[in-house]
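Engineer: The structure follows.
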C-alpha cells in the first residue's frame, strides 16, 4: 500500500514535467494554427498583396513592390505561390528600399531603390550611419 508521503513525492516529481508538457503543447498548437493560417492565406492572396499586408503600417510604392518581385525572381527564381513569404524575403524587401535611409520613418512613402543582395552588391549597407564632418 502506498503512503501519503510517497504519493506526494511521486506527484511532486511528475508535476514539473507535466506543466512543461502542457505549456509546450499550447505553443505547438498555436504555432500549427498560425502556420496553417499563413498557408491558407498564401493560397488565396497574391504574394504582392501578402507583402503589402505584412507591412500594413507602412505606405509602400506599388510600382516598387512589383519591381522588387521581378528582381527577386530574376535573382532567385520564381516564388512558390502556395508557400508563405519567409521573414528573409520581407527583410530583404525592406533593405531594398529607402526606409532606413530616412531614419525608419513610418510616415513616409517607402520607395524601392534596388535589389539588396550582399553577394551581388557588397558595399551596400542601408543601415550604416556616417558622422558628418563639419
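Any read-out appearing in this document is the output of simple, stated calculations on the displayed coordinates, not a laboratory observation. This is a predicted model, so every value here is computed, not measured. We place every Cβ from the backbone using ideal geometry, glycine too, and count neighbours over all the protein chains shown.
Engineer: Distance in nm between label sites at residue 101 and residue 52, each 7 Å beyond Cα in the beta-carbon direction?
Structural biologist: The modelled label-to-label distance comes out at 2.3 nm.
Engineer: Based on the Cβ-Cβ distance of residue 9 and residue 33, what FRET efficiency does E = 1/(1 + (r/R0)^6) give at R0 = 25 Å, to the nearest 0.05? Spell out each step's value before the answer.
Structural biologist: Details: r = 38 Å, r/R0 = 1.50.
Efficiency, from the Cβ-Cβ distance: 0.10.
Engineer: Modelled label-to-label distance, residue 108 and residue 2, 7 Å Cα→beta-carbon offset: nm?
Structural biologist: Result: 6.7 nm between the two label points.
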